[in-house]
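Take a look at the structure below.
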Amino acid sequence: MLPPRPSDVFSLPRCGDCSTFHFYPKPACTKCGGAKLAWAAASGGGSVYSFSVVHRAPSPAFKEQVPYVIAIVKTDEGPHLLSRIVGVAPEAVKIGMRLRARMDEGRPVFEAG
Amino acid sequence: MNAVIAGVGESALGRTPGQDARDLQRAAALAALEDAGLRLAEVDGLLTTPIRVANWAMPVGMVAQALGIRPGYLATLDVAGASGTAMVHHAAMAVATGQASTVLCVAGQNQLTNVSRDATVLQLAGVGWAHPEYEAPYGPLIPTLYALVAQRHMHEYGTTPQQLAEVAVAIRGHAALNPLAQMRTPITAADVLGSRMITTPLHLLDCAIVSDGAAAFVVTSRKDVRKRPVSILGQGYGFTHAYIGEHDAIATTGAVQSGRDAFRMAGVTPADIDLAQLYDCFTITVIAELEDLGFCPKGEGGRFVEGGRIRLGGELPVTTHGGLLSAVHPGLAGGMFHVVEAVRQLRGECGERQVKDAELALAHGNGGIIGLHCTLILGRG
């Protein structure tokens, strides 16, 4: 099992044997079966694979934040991950748009980049 | 032993205050047995699904106790929204191995009156469809996870919000002809597109309803049943991912595999199917399933639903009971109603919404966020 995700640098699990990047963390590399997965710093670059502007909050904790943009980001390393796009007007978000990761309270969010 | 579906039934549906999950399931079970012309004492196998509104440590034990039976085969099945179609297959396997001769499949709960709609939204978020550590903290709704599929499908294939709306309109039109359906007032595309935006591009009317209700069916090898039985001709499963973020091509679903296997086993093709009881948790789900099951080429689902093609009287009537979008959606049992309707259509019992000369029906379940699929092909016995 991997240790907790590094909170200061955007990282993805990488196989120590075949260097394949993964997300989400898995017990072993799904490409070569190697068990030496470790968090490795990623470039932080990526693009919008898909997105949705949320207008109805899933719980009271998110009520103040609507509307906000949830996206699936295709990282330059390959893996997809679900995240938030911040600092971009929701109506300006487009599939294919370039993004850059920034750590926010220990989690990656993405800005235009 | 050759298993058939000999009876189907349901409880009161919609809003059923004063009835808990056991009351609803018992009512559905007795209705299905009555339909089959069998007695509770003749049931020697039992299948159910977990429920969400109460903390049942061993769901099938709770149901057996509520029914007062001691079956020789029993299991709780959970492949999420695919459970309804998968139950038929599991019951048929129990009959085929000789473990049971008559398997009662029953599930349902008071999802609507036990909890408020807000509580349902919160409760679903807590089930873990979004990864608790890597997705949920960003605040996606369950509909958001499907909206991501819709947005990508629109991007890749040019699918439009109007085409998504047509799915809701067609299925509501079917619900309007089903006296048991919860939402029976016909709607237009303008109603769908004008309903509240939940999570782009999905409006309120692109999303399933929340209901109380239970469904049941009886799978048996017995020949002395009351009505003409329905044959189980083929089934298939398809799995692509646990979390939507782990799926590299989200506009395509595991229905590709489940459909291929089911059609191969049944020895028929999509062109042979008279009606398709597609899982319709969201409008996009239906469009993706139409493509992935092979009713049209990949990417053509949006155009396929136009021109009344999926409405009653069209080339391929889809989800003729009104589905999860308009008829009933009490949680994991939601997909069972697709099977119940397929059986009634094949028996010619659907009155105003009867598909003429229906001989072959497909019923399809989708679990998780388009991650796990189970396709069933049924034939007039």
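The values are calculated or read from the model by the stated rules, or taken from the named source; none is laboratory data. In this text the structure is predicted, and so the values were computed from the model without any measurement. Note: ideal-geometry Cβ built from the backbone for every residue, glycine included; neighbour counts use all protein chains shown.
Conditions tested, residue by residue: (1) farther than 26 Å from B:His155 by Cβ; (2) under 12 Å from the mean Cα position of the chain (by Cα).
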{"site": "B:Val268", "(1), (2)": "yes, no"}
{"site": "B:Ala276", "(1), (2)": "no, yes"}
{"site": "B:Glu291", "(1), (2)": "no, no"}
{"site": "B:Gly302", "(1), (2)": "no, no"}
{"site": "B:Leu312", "(1), (2)": "yes, no"}
{"site": "B:Arg344", "(1), (2)": "yes, no"}
{"site": "B:Leu360", "(1), (2)": "yes, no"}
B:Glu246 versus (1) surrounded by 21 or more Cβ atoms within 10 Å (Cβ to Cβ); (2) charged (D, E, K, R); (3) within 30 Å of B:Leu24 (Cα to Cα): which is the lone unmet condition?
(3)
Need the failing condition index for B:Pro71 against (1) assigned to a loop (DSSP other than H, G, I, E, B); (2) within 21 Å of the chain's Cα centre (by Cα); (3) of a type outside the set (D, E, K, R), just the number.
(2)
Regarding the range B:247-269, can at least one residue be identified that is modelled with pLDDT under 95 and in contact with a His (Cβ under 8 Å, 6 or more places away or on another chain)?
yes
Which numbered condition A:Val9 misses (of (1) of a type in the set (A, V, I, L, M); (2) free of Cβ contacts under 8 Å to residues at least 60 places away in the same chain; (3) away from every other protein chain (no Cβ under 11 Å); (4) in a loop (DSSP other than H, G, I, E, B))
(2)
Please go through the range A:35-55 and pick out each residue that is assigned to a loop (DSSP other than H, G, I, E, B) and at pLDDT 95 or above.
A:Ala42, A:Ser43, A:Gly44, A:His55
Being crowded, with 17+ Cβ neighbours inside 10 Å and either within 10 Å of chain B (Cβ to nearest Cβ) or of a type outside the set (S, T, N, Q) (or both): is that true of A:Ser50 here?
yes
